[in-house]
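Down below is the structure, laid out as structure tokens.
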Amino acid sequence: MFDNEDDDFEFESGDFDPDAYRREQERIQNLPVYKKAVEVAEITRAICGSIDPEKDLMEVSEQMLTNAYMLGAKIAAAEGGDLYTLRMENAVIIKIHARELMSQTTLCKMEELADEKYLQLLWEEIDSFRRLFVNWVTDFDRNNDIQDEWGLFY
């Protein structure tokens with residue numbers, strides 16, 4: 001099953017171009033969807049910082065932070081992967097985390113864990129993120145792919 005002589009994963013130190021890496025990081029960080037993901041994470045962090053740990057019996061704040069931080073991380077992963085299937089897999093994960101974060105804002109409101117106006121602001125920012133996300137996903141190139149044996153997205 002595994003071919004030990006396969007050198008596909010060998011890395012030559014001369015292969016790494018720090019300038020190209022920096023340019024790629026800047027490109028990703030300048031994507032509108034990525035910038036919005038960072039804003040969502042910052043708002044989430046501020047809200048979670050205001051939640052009284054004594055009242056947060058279900059540790060909602062930790063779950064919210066995890067979901068918020070995954071948005072930007074998975075955008076970067078999708079951009080780095082470039083293949084359609086990898087991008088779509090990351091897009092699905094992003095959608096799940098964003099929807100969970102929206103649900104958690106409702107839970108925070110019901111449990112009175114955070115100020116309702118800040119939760120509303122987060123909800124609106126997630127919705128703004130969603131609109132940018134939809135536009136970002138439509139730019140994925142279906143022709144740039146290698147079919148895997150899992151049968152998704154075909």
Can you compute the modelled spin-label distance between ASP82 and LYS117, with each label point 7 Å from Cα toward Cβ, in nm? 4.8 nm
With 0.36 nm assigned to each residue of separation and the Cα-Cα distance removed, MET102 to GLU124 gains 7.0 nm
Scan (1) 16.1; (2) 18.0; (3) 17.5 for the value of Kirkwood radius over Cα pairs in Å calculated from this model and give just the label. (3)
Suppose each label sits 7 Å from its Cα in the direction of the beta carbon; what would the TRP150-GLU42 distance come out to in nanometres? 3.3 nm
Treating only Lys and Arg (+1) and Asp and Glu (-1) as charged, each at its beta carbon, one finds that segment 31-138 has a dipole about its Cα centre, in Debye to the nearest 20, of 560 debye
Which ³J(HN,Hα) values, rounded to whole Hz and listed in residue order, are derived for segment 129-141 from phi using the Karplus coefficients 6.51, -1.76 and 1.60 in 6.51 cos²θ - 1.76 cosθ + 1.60 with θ = phi - 60°, glycine and proline given as x? 4, 4, 5, 5, 4, 4, 5, 4, 5, 5, 7, 5, 8
Burial order of peptide ranges 63-74, 108-119, 138-149, 31-42 (average beta-carbon count within 10 Å, highest first): 63-74, 31-42, 108-119, 138-149
Proximal lysines relative to LYS35, as straight alpha-carbon distance under 18 Å, when same-chain residues fewer than 8 apart are discounted: LYS74, LYS95
If the cut-off is 19 Å between C-alpha atoms, which lysines fall inside it for LYS109, apart from same-chain ones fewer than 8 positions away? LYS55, LYS117
Helix 32-50 against the longest principal axis of the chain: what's the angle in degrees, Cα atoms only, rounded to the nearest 10? 40 degrees
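Only the coordinates and a few stated rules stand behind these numbers; no lab work does. Because the structure is predicted, anything quoted here is derived from the model rather than measured. Neighbour counts run over all protein chains shown; Cβ positions are idealised from the backbone, glycine included.
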